[in-house]
Amino acid sequence: MLMTGPQDLAGARIHLGPSPRHAAHNGTMIEVKNVNFWYGSKHALHDVDLKIHRNEVTAFIGPSGCGKTTLLRCLNRSNDIIPDARMTGVILLDGRDINGPDIDPPLLRRKFGWVAQKPNPFPRSIYSNIAYAPKIHGVVQTKAECDALVEDSLRRVGMWDEVKDRLREPGTDLSGGQQQRLCVARAIAVTPEVILMDEPASALDPIATAILEDLIDELRQRYTIVIITHNMQQAARLAQRVAVFHLGRLVEEGDASQIFITPRHDITMAYVTGRFG
């Protein structure tokens, strides 16, 4: 991935990506308004207000347990299945309340692709990993449509030439980096609008991580991407916007260039320079 020159932040060397700022023409895709969230009596998110812009990468950063994954799971309503969990506030997707009475949660979740921390391909063939969800959701009707979708999804993640002669082999036989790209291909096969990534490179080696980062940068041309990462250099390389969390609160948000070069909050400065977290 192309990067700007290194910047100094209190002695830390930060390499910003080629697009470390929000572009004005990228309108709001998701708006989080005064969101609070509880697991039983535990207050996990406090009064979060945040805008996520289309065709940009927004990075959630902050120490473990600060609410990043909780908010990520609020976006596609996957927290709904947790007993005694509840949310107040509003989350808008393209201006519509995702918790409104007219919203069908399974249909809503189809608008979101999910890529987990560790590669988790299904114990099925490479082909079936991608084809399974589009088939059950009626995205494809014929074998020819399915074949074309599988090929297109694999091409988008740069894997078609690597696996086109191995489509009937188990996805679990691939390398770790290939498995994670297969999971990205699986996520985009159902034509989502947003891709949610929870530390997608944490289990990958540096070479596989670089390939995945280049893929994420390409995918943002077609999708809105929200990524959780504990790697500050990765956030600086990938993100246009960054949201900093601490103890369930949104401490600061801004363009990646601003967060990593001129943070406004002492907690942000301490976290991005490695003094805590």
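The values are calculated or read from the model by the stated rules, or taken from the named source; none is laboratory data. Owing to the predicted nature of the structure, the values given are computational and were not obtained by experimental measurement. Note that each Cβ is placed from the backbone with ideal geometry, even for glycine, and that neighbours are counted across all protein chains shown.
A few points about this structure:
- Any hit, region 165-186, residues being over 14 Å from the mean Cα position of the chain (by Cα), at pLDDT below 95 and assigned to a loop (DSSP other than H, G, I, E, B): no
- Yes/no for Val150 being farther than 26 Å from Ser202 by Cβ and part of a loop (DSSP other than H, G, I, E, B): no
- First in region 162-175 and within 10 Å of Ser128 (Cα to Cα), second anywhere and assigned to a loop (DSSP other than H, G, I, E, B), Cβ under 6 Å, 6 or more apart: Gly171/Pro121
- Checklist (1) at pLDDT 95 or above; (2) not in a strand (DSSP E or B) applied to Ala270, failing item: (1)
- Selection status of Leu2, at pLDDT below 95, aliphatic (A, V, I, L, M) and in contact with a helix residue (DSSP H, G or I) (Cβ under 6 Å, 6 or more places away or on another chain): no
- Within region 252-277, residues that are in contact (Cβ under 8 Å) with a residue 40 or more places away in the chain and on the phi > 0 side of the Ramachandran plot sit with their Cβ atoms under 6 Å from residues that are assigned to a loop (DSSP other than H, G, I, E, B) and not aromatic (Phe, Trp, Tyr), at 6+ positions apart or across chains, in these pairs: Gly277/Pro63.
- Hits in region 59-98 (condition: out of contact with any Gly (no Cβ under 8 Å at 6 or more places or on another chain), of a type in the set (Gly, Ala, Ser), under 26 Å from Asp217 (Cα atoms) and surrounded by 15 or more Cβ atoms within 10 Å (Cβ to Cβ)): Ala59, Ser78
- Matching residues, region 122-161, being touching a strand residue (DSSP E or B) at 6+ places or on another chain (Cβ under 8 Å) and surrounded by fewer than 16 Cβ atoms within 10 Å (Cβ to Cβ): Pro123, Arg124
- Long-range neighbours under 7 Å by Cβ, at least six apart or interchain, first residue without any contact (Cβ under 8 Å) to a residue 60 or more places away in the chain and within 21 Å of Asn55 (Cβ to Cβ) within region 179-196, second crowded, with 20+ Cβ neighbours inside 10 Å and not hydrophobic (A, V, I, L, M, F, W, C): Ala185/Ser153; Ala189/Pro134; Ala189/Ser153
- Some residue of region 28-44 being over 28 Å from Leu212 (Cβ atoms), free of Cβ contacts under 8 Å to residues at least 40 places away in the same chain and either buried (at least 19 other Cβ atoms within 10 Å of the Cβ) or of a type in the set (D, E, K, R) (or both): yes
- Failed criterion for Phe37 (all others in (1) of a type outside the set (A, V, I, L, M); (2) at pLDDT below 95; (3) touching a Ser or Thr at 6+ places or on another chain (Cβ under 7 Å) hold): (2)
- For region 220-243, the set of residues classified as crowded, with 21+ Cβ neighbours inside 10 Å and assigned to a helix (DSSP H, G or I) consists of Met232, Gln234, Ala235, Ala236, Arg237, Leu238, listed by residue number.
- If you go through region 108-139 and keep only what is more than 18 Å from Glu151 (Cβ to Cβ), in contact (Cβ under 8 Å) with a residue 12 or more places away in the chain and aliphatic (A, V, I, L, M), you end up with Leu108, Val115, Ala116.
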